[in-house]
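Read through the structure below, which is laid out as structure tokens, and then see the notes.
Every read-out reported here was derived from the displayed coordinates using simple, explicitly stated rules and does not represent laboratory data. Given the structure is predicted, the values throughout are model-derived calculations rather than measurements. Cβ placement follows ideal geometry from the backbone for every residue including glycine, while neighbour counts extend to all protein chains displayed.
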Amino acid sequence: MTTIQCFFLGTPQFTKDDHALKLTKAKGIALLVYLAVERTTQTREQVMTLLWPDSLPQAARKNLRNTLWDIGKTFDEDVVEVDGDSLRLAESVWVDIHPFEDTSPAADSSQVSRLEEVVPLYRAPLADGLSLLDAPDFELWLTTQQQRLDRHYLRLLDALITVHRAAANWQKVINYAQQALIYDNLQEPMHQALMEAHARLGERAQAVRQYDNLRAILAQELGVVPLPETESLRTAILNGHIQASPMSITAAAPRPVKKAASASSPFVGRRTERAVMDEALQLAATGQARIVLLTGELGIGKTRLWQQWSATLPETLTTLETRCLDNTQSLPFAPLTRLFSQATCTQRLSQASTAISATWLAELSRLLPEIKELRPDLPEPADLPPEEERGRLLEAFIQVLRALNGHTTVLFIDDLHWADQATLDWLVYLIDRLRNESLLVVATYRVADAPAQLVHTVATWKREGQVHHLPLERLTLIEATELITALGGDVALIEQLYTKSAGNPYFLIELNRAGSEDTPSALADLIQTRLDRLSGATQQVVQAAAILESDIDFETLRRTSGRGEEETLNALDELLEATVLIEGQGVYEFSHPLVGAVVRDGLSTARRQFLHRRAAEALETAFSSNLPAVAGRIAAHYTAANLPGLAAQYAKMAGDHAMGLVAFTEAVTFYRQAYDLDPTPTRQMDLAEALFLLPGALDEARVTLQQALNSFEANGDRPNIVKACLMMAFSYLPSGEGDKIIEWVERALPHLEYITDPAAEARAHFFLGAGGFRIGRSMKEAEEHLAEGLRLAVEHQLSEAAMNGWFELGNLNLQRGDFAKAREAFQQSLVLAQTGQNIYQEAICHNNLAYTALLAGDLDQAHTHIENGLAFADKHALMLPRQYLYSTRGEIALAEENLDKADQWFRQAIIEAEKFDNPIHAANIRANLALVARRRGDLDEALTLLTQAQKVVARVSNPHLQTQIDLWLAELHLQRGEQAVAKQALARAEARLAGANRRGLQAWAKQVRASI
């Protein structure tokens, strides 16, 4: 039987029946490494995205086929099993990674032979020397896997050292400790093991030299000195007092961290504030959503007040807590991720998941992948327009919150001044959406640090009378005396302590803790004095904690500090005992933010950069299966570590993640960061794409994209020239500026001739068609472009492009007045939407089919389609299409002379249109409301509404709607007896219709002319 072996732990090597094989192409090696490490079946799409990210789909598929053929030719056997769209490494292939990583690093004497068998498999880091500069995501994946396997190798060596040390096999201790230091020379326990082993073998000079090496390495790399234990070991060796029996070493399994004594301080004062909070809760319980804002300076006791008050709440209430952090304020929905990731919340979510619609859970899984573990049956989130996606994600949080609550929900958000924009937007949505429900939001923030958006939001809440604002004052002397007495402090020092603290509770507690001898006058100096009392190893661990800052788990802290498990556990014991850190639900945080700030401020530049690099690497390891969720944090660490290349890659990943969460403010922040770190035109185009989606940033988006385009043109980068030009053309589509659309497409056309990109070519034709008929150009020419785009879409199986093409063709025929062709086109688009499960397009197709039937005079069909559309939107919780569905429903009611119903539907439609900032459609709806007013005989109201609509559409190029409004105005002025003004309105309409192929509008204009 043929034996194929793949050796990836080091420079990749391949053998078949012990004969060496040579696979020369890097992508082929990369594919085999990826399949070997992942072990599970991978889709072609996953592999193509990883290895050929910049290639067009057709080119990527061809590259993958060629790579698989090259692998098969090299091995003369099916090393990679292909099953339809799936790829996996054949089970018959032996891979060195598998026995290596399947071996447990337990320090067990019965496993020595197994350990000594697999350790030599590790020749060097995974796929050493392999590099794919054109596949950055693969590079990140490979780096993460290399680090993971490096650590496993070190754990295996540590287990061998532990066993041989216990058995006094000192030469083997030396051998394995030296191997460990080759990969990480900062492991002080390994240096200690070498020192002891040399001393046990009578090599005292070598033992001392090992100490000198360690001291030099620590000084150069970390700027620290060896630990006291190492110094003691050196002294014992020099004095000849080394113990006769081997030193014990703790096994790798971590022991539990000793719990610190309660850090809770006595609570004094704040009676008025607690009474106001009680009152707010009572109002919330009656179905009036309330907000309590606790503000004040650092250390004033905002969080402490919440803790004291919430401890008295009855268990029947649902109390949820989260906080915002300085280092996550650019991560979208960071506090909500923190909230819903908590064990208690996840448990509640698991219990309530069956009561929550799969639609909302699927949306939430964008942010919380662990939801898929609770509900693996969930569908993928729907592919929707950005505005719809954003609304659904905001609503998803609301729905889950409702499913978790009892009678009244109390939500606490600490340090709201550090909230990201997406979270603030959700909070505004929450308060508005649940204004008549039993909800109390309590938030703390520092007014001096509040961003403009938070200031404006609070001002709005205050105007609406929903806020109870409680600025916390400093303690009075009487309250300070009560606090110091409760702490068991010296009563004689109360006035001195009060003067120094100025009544700040946290400062007062720290002063009391420090005692009376040589007490610093500044709070930061006071904290530094307490930190200086910590042992050397503990100071290094707390420095790592200060760099990590948030959600500090044991493994990430250990990796960042560079200390072993035992050392890190001992340090945590000391930090908890000293109340520098506090523990909760498996993570650690500083007892007060100021403590972490003092630690960071005390670090040298070199030490800070080093720790930031280690923090980034630790997070890469901890979140290797979900890097996008922490990419923003990793980018920040690599930036602080002065590694701009890696920082830019992660900033780009964070921007992509934010775009997936429709958090455009955060996406812009990350894409801008990536561009600043690595200023390439591609990164600039990423930034422009996000800016286009950010309200109010249209001009900046176009300037940014123009700059990127200039660079692409200078570099002769035709594919990106085309992409940028079409992106610019698309930016003019919502405003109907057809001349600009056509101008930008025509700029792309010469470059399209030199590249093979049918999707871009189809898009160009669609834009030319859509732009043309929007500005009144020849309908025939526009139709030809749309037809050519459709031909390309069908030929190249571009189903989404075909769906959009048919829809645009339907709109063209609708404006032309050819209702039969319009109906056929919309029906084709509907079928493709249903096939592709595009729920937004399906709802819009129902709307346009209803509108077509209405114009054709088939009210029964109009009712059928509009009811189908409304029911479909309700079923799938779609929000964006409602503005169109409601207005069409209103027009049907108007055609039936049901004026009250028409008025009701139109007013609902305006609310939806304004919610999604769609002034053109809102103007169209107002024009229809004018028709309702006219039918009721209120001609003044009709004129006001039509004039408002006319002013809005005059700002854009939309000849069809402008002509409709002018014809309505002409009819209205005739009814009012205003002949001259009616003629002016009709003349404007006729001028637009001259030479146009818009049969319906032209027939209408003739009727009005006949009336005049």
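I'd like to compare 192-200, 697-705, 377-385: which one has the highest average count of other Cβ atoms within 10 Å, and what's the full order after that?
Descending packing order for the listed peptides: 192-200, 697-705, 377-385.
Note down the nm distance, to one decimal, between modelled labels 7 Å out along Cα→Cβ at ILE911 and at ALA895.
2.6
Above 56 angstrom, tally the Cα pairs of the chain and express them as a % of all pairs, no decimals.
Within the chain, distances greater than 56 Å cover 28 percent of Cα pairs.
Rg(Cα) of the range 888-1011 divided by 2.2 N^0.38 Å?
Cα-based Rg divided by the globular estimate yields 1.03.
Sequence-distant or interchain residues sharing an amide H contact under 5 Å with GLU321, placed H: which?
Close amide H contacts, sequence-distant or interchain: PHE412.
Please state the shape class of the range 174-239: rounded when a/c is under 1.5, otherwise prolate if a/b exceeds b/c and oblate if not, all from the C-alpha gyration tensor.
Verdict is oblate for the range 174-239.
In vacuum, with every alpha carbon of the range 289-473 counted as one equal point scatterer, what does the Debye formula give for log10 I(q)/I(0) at q = 0.08, 0.14, 0.16, 0.18 Å⁻¹? Two decimals, please.
The Debye formula, applied to the Cα set alone, gives -0.25, -0.79, -1.04, -1.30.
Along the positive direction of the dipole of the chain (beta-carbon charges: Lys, Arg +1; Asp, Glu -1; about the Cα centre), which of VAL112, TRP806, PRO266 reaches farthest?
Looking along the dipole axis, the top candidate is TRP806.
Report the full-extension gain for the segment ALA622 to GLU577: residue separation times 0.36 nm, less the Cα-Cα distance, to one decimal in nm.
Contour length minus Cα-Cα distance gives 13.5 nm.
Dipole size in debye (nearest 20) for the range 664-750 around its Cα centre, Lys and Arg Cβ +1, Asp and Glu Cβ -1?
140
Give me HIS876, HIS637, HIS191 ranked fewest to most by other Cβ atoms within 10 Å of their Cβ, as a rough exposure proxy.
In order of increasing Cβ crowding within 10 Å: HIS876, HIS191, HIS637.
Given Cα pairs under 8 Å that are at least 6 residues apart, what percent is the relative contact order of the chain?
7
Karplus couplings for the range 130-142 from phi (6.51 cos²θ - 1.76 cosθ + 1.60, θ = phi - 60°), rounded to Hz, Gly and Pro as x?
My calculation for the range 130-142 gives 7, 9, 10, 5, 8, 9, x, 5, 5, 4, 5, 4, 5 Hz in order.
If you average the sequence gap of Cα pairs under 8 Å that are 6 or more apart and divide by the length of the range 337-495, what percent do you get for the contact order?
So the answer I get is 17 percent.
With just the Cα atoms of the range 530-603, tell me how far they stretch along each of the three principal axes, in Å, largest first.
Over the range 530-603, Cα extents along the principal axes are 26, 25, 21 Å.
Pulled fully out, how much extra length does the chain show between ARG600 and ALA1003, if you take 0.36 nm times their separation in residues and subtract their Cα-Cα distance?
Gain in length upon complete extension: 137.5 nm.
Given charges of +1 on the Cβ of Lys and Arg and -1 on the Cβ of Asp and Glu, with all other atoms neutral, how large is the dipole of the chain about its Cα centre, in debye to the nearest 20?
Computed charge dipole of the chain: roughly 1320 debye.
Please grab the % of Cα pairs in the range 910-983 that end up more than 14 Å from each other.
For the range 910-983, the share of Cα pairs beyond 14 Å comes to 57 percent.
Can you put CYS725, CYS324 in order of Cβ neighbours within 10 angstrom, beginning with the fewest?
Ascending Cβ contact count within 10 Å gives the list CYS324, CYS725.
Under a plain spin-label model, where a point goes 7 Å from the Cα along Cα-to-Cβ, how far apart in nm are LYS875 and ALA524?
6.2
Can you list the residues, at least 5 places off or on another chain, whose amide H is less than 5 Å from the amide H of VAL95, using H built in the peptide plane?
HN-HN under 5 Å from VAL95: CYS6.
For Cα pairs less than 8 Å apart in space and 6+ apart in sequence, what is the mean separation divided by the residue count of the range 479-519, i.e. the relative contact order in percent?
Once normalised by length, the contact order is 36 percent.
Where does helix 505-514 land angle-wise versus the long Cα axis of the chain, in degrees 0 to 90, nearest 10?
10
For the range 796-866, what is the per residue volume of the convex hull drawn over the alpha-carbon atoms, in cubic angstrom?
68
How many percent of DSSP beta bridges within the chain run antiparallel, rounded to 5?
45
Could you run the Karplus curve 6.51 cos²θ - 1.76 cosθ + 1.60 with θ = phi - 60° over the range 329-341 and give me ³J(HN,Hα) per residue in whole Hz, x for Gly and Pro?
Going residue by residue, I get 6, 9, 8, x, 6, 4, x, 6, 4, 4, 5, 7, 8 Hz, with x marking Gly and Pro.
Let me have the 222 nm mean residue ellipticity of the chain computed from DSSP H runs of 4+ only, each contributing -39500 (n - 2.57), with the sum over all residues rounded to the nearest 500.
Here the helix-only value at 222 nm equals -20500 deg cm²/dmol.
To the nearest 10 degrees, how steep is helix 57-75 against the longest Cα principal axis of the chain, on a 0 to 90 scale?
The angle comes out near 40 degrees.
For ASP184 and ALA994, calculate 0.36 nm times their separation in residues minus their Cα-Cα distance, and state this gained length in nm to one decimal.
Extending this stretch completely gives an extra 283.6 nm.
If the reach is capped at under 13 angstrom between alpha carbons, list the aspartates and glutamates near LYS372, excluding any in the same chain fewer than eight residues apart.
Of all the aspartates and glutamates, those that pass the test against LYS372 - Cα under 13 Å, at least 8 places apart if same chain - are GLU363, GLU380.
Using the 10 angstrom Cβ neighbour count as an exposure proxy, how do VAL47, VAL956, VAL794, VAL745 rank, fewest first?
VAL794, VAL956, VAL47, VAL745
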